[in-house]
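**Student:** Submitted below is the structure of interest, expressed as structure tokens.
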Amino acid sequence: MDTVELDRAVQILQDNKERWVKLSVSQKCELIEQLINGVLAVADRQIIRALEAKGIQPHHPESAEEWLAGPFIILRNLRLLRQTLEQIAHHGVPKINPDRIHIRSNSQVVVDVFPDSLFDKILYPGFRAEVWMRPEVHPHELRQAMASFYRQSQPQGKVTLILGAGNVSSIGPLDVVYKLFVEGHVCLLKLNPVNDYLGPFIEEAFAHLIQEGYLRLAYGGANVGSYLCEHPGIDEIHITGSAQTHDAIVFGSGDEGADRKRNNMPRLKKRITSELGNVSPVIIVPGKWSEKDLKFQAENIATQLANNAGFNCNAAKVLVTEASWSKREAFLDTLRETLRQIHPRRAYYTGSFNRYSRFVEAHPEAEVFGPQSEDIIPWTLIPNVDPERQSDICFTQEAFCGIIAETPLPASDAADFLHKAVEFCNNTLWGTLNACIIVHPQTEAQLGSLLDQAISDLRYGSVGINHWPALSYALGSTTWGAYPGHTLNDIQSGIGVVHNTFMFDKPQKSVIYGPFRIWPKPPWFVTHKTANKLAPIITQFEACPKWSLLPFIIWYALQG
């Protein structure tokens, strides 16, 4: 650990933090344009390096994941953020058409944020997304609850330490982008040792921010992170990782740390925001599913498990089914068959084999699909977990590998099940990051307003209807973070949000709605046959949407 170099990095940021907050909106738009060009310039080389690190062949369809979870998401986020800044330059706040603002029966303000363009409607047919505001936001005050940094007459510069995640390449860069352009903080990004190979690409893509003294990168292990967290030149901290890492930073380790946490006496007095994972549920509402329905939704859920080898904080972890559903066993069998066909992945993330062992030791009935070796964890299903065992490891710990559990709830009908499933998720499962509800359109029609009530009752920061809530991470215009209300000594999935390109100050949750079954197959499905050819094109499209790219996108999409 080179403390002299770390001190120098912090000092450079301190020296430039006030200059950053005084930068004009038009100058920030120019910087975003430079970032877009920078991300495009390194994309191919970054993808090759990431695939090598994760043991993925470039010609294999699963290589699309590195495009979609990396440059694609970063470019979309930057483009939408530039659009918002241009609106702030002209109107003072992000512009939202009045017909996109709705008021729920409980007076809660909801804003339609997606689709936002004709291109969105073409590429994501049938999908839409909303951001729900916290109850204290009144309809006539929405304008005053957006882009608060840009409404300050004399904003104060701050230096934020970002402790980057080791799993997904876009997390660290987008945390930087959010803190810079939405909250007005200059940033020190400390990379995770698992994926610090990304550092040179980030440094090249974000070179203009580094040259101006608005961004610095740091490398190393926990000792570097600890040094920086306690550094007097660090004003705030943002953590993406585990709740255990968060508590060690905030309260310390061992008995002393446990005592501090119990008494809510943090060692650090700095503002700390975070995103810390989740035991992510998928609520499968019983209905009359056809064979095609079973196959599509099995692929949908297998995607939520297998993407990135299961090393996602939003990976599906608990299937909540109705015990007497006539299609339950057929669905589980279809899921089993789907998992058998998915290519095995390298278990590249630190500690994954120890986590996997704890789960299969607690559940020897676990079903394994595919090979297991010294560097591969097989896809694993733990069926029929007793929902009354509230302390079960499947409910209380995030596996963070390719494991998914299933728990059946007794219910009299779909409405009764949905109510019980929401209560189960809220009161038994750890975390509040994201949840998914899968419901057949015929059943949805029968439920009526009960589905909307279930969405409202779910205490999760993102809720996906029929599709993976990771879309809330990817769309940019939606928010990404835990359900509000956590405290440092009861952190769960964290505090605060990122992405959020409309710059809502007080969001409660994002809700993404998608078709129960859709054709062509979404490119993020792990079963998509031409995703590796499609992903680079739609990445280029996100940087600069244009009609000339659509035929190529549609061609590869139809072959998936």
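The values are calculated or read from the model by the stated rules, or taken from the named source; none is laboratory data. Quick caveat: nothing in here was measured; it's all calculated off a predicted structure. Positions of Cβ are backbone-derived with ideal geometry, glycine not excepted, and every protein chain shown enters the neighbour counts.
**Student:** If residue 42 satisfies all but one of (1) modelled with pLDDT of 95 or more; (2) out of contact with any Phe, Trp or Tyr (no Cβ under 9 Å at 6 or more places or on another chain), what's the number of the condition it fails?
**Tutor:** That leaves (2) as the condition not met.
**Student:** Identify the single condition in (1) among the small types (Gly, Ala, Ser); (2) within 18 Å of residue 477 (Cα to Cα); (3) outside any helix (DSSP H, G or I) that residue 70 does not satisfy, given that it satisfies every other one.
**Tutor:** (3)
**Student:** Within the set of pairs 6 or more residues apart or between chains, which connect a residue that is within 19 Å of residue 196 (Cα to Cα) and assigned by TED's automatic domain parsing to the domain that holds residue 73 inside the stretch 32-50 to a residue that is among the β-branched types (Val, Ile, Thr) and in a helix (DSSP H, G or I) with Cβ atoms less than 6 Å apart?
**Tutor:** As it stands, the answer is 39/74, since those pairs meet every condition given.
**Student:** Consider residue 445 against the criteria (1) touching a helix residue (DSSP H, G or I) at 6+ places or on another chain (Cβ under 9 Å); (2) in a helix (DSSP H, G or I); (3) among the aliphatic types (A, V, I, L, M): it satisfies all of them except one. Which criterion is unmet?
**Tutor:** Tallying (1) touching a helix residue (DSSP H, G or I) at 6+ places or on another chain (Cβ under 9 Å); (2) in a helix (DSSP H, G or I); (3) among the aliphatic types (A, V, I, L, M), residue 445 fails exactly one: (1).
**Student:** Of all residues in the stretch 465-505 being among the polar types (S, T, N, Q) and more than 12 Å from the chain's Cα centre (by Cα), which is modelled with the lowest pLDDT?
**Tutor:** Out of the qualifying residues, it is 489.
**Student:** Then there's this: Within the stretch 396-419, which residues are assigned to a helix (DSSP H, G or I) and out of contact with any helix residue (DSSP H, G or I) (no Cβ under 9 Å at 6 or more places or on another chain)? Explain how you work it out, then say what you get.
**Tutor:** First, the residues of the stretch 396-419 that are assigned to a helix (DSSP H, G or I): 396, 414-419.
Hits for the stretch 396-419 are 396, 416, 417.
**Student:** Could you grab me the full set of residues in the stretch 169-203 that are in a helix (DSSP H, G or I) and within 19 Å of residue 478 (Cα to Cα)? It would help to see each step written out before you state the result.
**Tutor:** We begin by selecting, within the stretch 169-203, every residue in a helix (DSSP H, G or I); these are 171-181, 193-203.
171, 172, 173, 174, 175, 176, 177, 178, 179, 180, 181, listed by residue number.
**Student:** Moving to a separate point now. Given the conditions (1) under 20 Å from residue 504 (Cβ atoms); (2) in a loop (DSSP other than H, G, I, E, B), which single one is not true for residue 102?
**Tutor:** It is condition (2) that residue 102 fails.
**Student:** Could I ask something else about it? Please work out which residue is nearest to residue 389 (Cα to Cα), limiting yourself to the stretch 445-457 and to residues that are in contact (Cβ under 8 Å) with a residue 24 or more places away in the chain and over 25 Å from the mean Cα position of the chain (by Cα).
**Tutor:** Out of the qualifying residues, it is 450.
**Student:** May I ask you to list the residues in the stretch 347-393 that are closer than 26 Å to residue 195 by Cβ, in contact with a helix residue (DSSP H, G or I) (Cβ under 7 Å, 6 or more places away or on another chain) and in contact (Cβ under 8 Å) with a residue 40 or more places away in the chain?
**Tutor:** Those that are closer than 26 Å to residue 195 by Cβ, in contact with a helix residue (DSSP H, G or I) (Cβ under 7 Å, 6 or more places away or on another chain) and in contact (Cβ under 8 Å) with a residue 40 or more places away in the chain: 347, 348, 349, 350, 359, 377, 379.
**Student:** Looking at the stretch 496-543, which of its residues are in contact with an Asp or Glu (Cβ under 9 Å, 6 or more places away or on another chain) and β-branched (Val, Ile, Thr)?
**Tutor:** Scanning the stretch 496-543 gives 497, 498, 511, 512, 526, 527.
**Student:** Assuming residue 422 fulfils every condition listed in (1) buried (at least 18 other Cβ atoms within 10 Å of the Cβ); (2) part of a loop (DSSP other than H, G, I, E, B) apart from one, which condition is it?
**Tutor:** Evaluating residue 422 over (1) buried (at least 18 other Cβ atoms within 10 Å of the Cβ); (2) part of a loop (DSSP other than H, G, I, E, B) leaves (2) as the failure.
**Student:** Please go through the stretch 236-268 and pick out each residue that is exposed (fewer than 13 other Cβ atoms within 10 Å of the Cβ) and under 27 Å from the mean Cα position of the chain (by Cα).
**Tutor:** The answer is 244, and nothing else.
**Student:** Filtering the stretch 139-160 down to residues that are aliphatic (A, V, I, L, M) and outside any helix (DSSP H, G or I), which residue is surrounded by the fewest Cβ atoms within 10 Å (Cβ to Cβ)?
**Tutor:** First pass over the stretch 139-160, keeping only residues aliphatic (A, V, I, L, M): 142, 145-147, 159.
Adding the requirement that they be outside any helix (DSSP H, G or I) leaves 146-147, 159.
Values: 146: 25, 147: 21, 159: 25.
Ranking the candidates gives 147 first.
**Student:** Name the one entry in 477, 472, 510, 493 that is touching a Phe, Trp or Tyr at 6+ places or on another chain (Cβ under 8 Å), assigned to a helix (DSSP H, G or I) and in contact (Cβ under 8 Å) with a residue 40 or more places away in the chain. Spell out how you get there, then give the answer.
**Tutor:** Details: 477 fails: assigned to a helix (DSSP H, G or I); 510 fails: assigned to a helix (DSSP H, G or I); 493 fails: assigned to a helix (DSSP H, G or I).
Exactly one of 477, 472, 510, 493 is touching a Phe, Trp or Tyr at 6+ places or on another chain (Cβ under 8 Å), assigned to a helix (DSSP H, G or I) and in contact (Cβ under 8 Å) with a residue 40 or more places away in the chain, namely 472.
**Student:** Pick from 98, 139, 71: which is farther than 19 Å from residue 480 by Cα and out of contact with any strand residue (DSSP E or B) (no Cβ under 9 Å at 6 or more places or on another chain)? Quick ask: steps written out before the conclusion?
**Tutor:** Details: 139 fails: out of contact with any strand residue (DSSP E or B) (no Cβ under 9 Å at 6 or more places or on another chain); 71 fails: farther than 19 Å from residue 480 by Cα.
98 is the lone residue from the list that is farther than 19 Å from residue 480 by Cα and out of contact with any strand residue (DSSP E or B) (no Cβ under 9 Å at 6 or more places or on another chain).
**Student:** Scanning for something of a type in the set (Asp, Glu) and either free of Cβ contacts under 8 Å to residues at least 24 places away in the same chain or within 21 Å of residue 147 (Cβ to Cβ) (or both), does the stretch 56-64 turn up at least one residue?
**Tutor:** no
**Student:** If only one of 535, 557 is buried (at least 23 other Cβ atoms within 10 Å of the Cβ), in a helix (DSSP H, G or I) and on the phi < 0 side of the Ramachandran plot, which one is it?
**Tutor:** On the way: 557 fails: buried (at least 23 other Cβ atoms within 10 Å of the Cβ).
After applying the criteria, what remains is 535.
**Student:** What's the total number of residues in the stretch 96-122 that are modelled with pLDDT of 95 or more, among the aliphatic types (A, V, I, L, M) and crowded, with 16+ Cβ neighbours inside 10 Å?
**Tutor:** Residues that pass the stated criteria total 4.
**Student:** While we're here: Out of the residues in the stretch 203-229 that are more than 15 Å from residue 14 (Cα to Cα) and either without any contact (Cβ under 8 Å) to a residue 60 or more places away in the chain or out of contact with any helix residue (DSSP H, G or I) (no Cβ under 9 Å at 6 or more places or on another chain) (or both), state the one that is surrounded by the fewest Cβ atoms within 10 Å (Cβ to Cβ).
**Tutor:** The residue in question is 223.
This table checks each residue for (1) charged (D, E, K, R); (2) under 19 Å from the mean Cα position of the chain (by Cα); (3) surrounded by fewer than 23 Cβ atoms within 10 Å (Cβ to Cβ); (4) assigned to a strand (DSSP E or B).
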| residue | (1), (2), (3), (4) |
| --- | --- |
| 283 | no, yes, no, yes |
| 289 | no, no, no, no |
| 294 | no, no, yes, no |
| 299 | yes, no, yes, no |
| 304 | no, yes, no, no |
| 314 | no, yes, no, no |
| 317 | yes, yes, no, yes |
| 325 | no, no, yes, no |
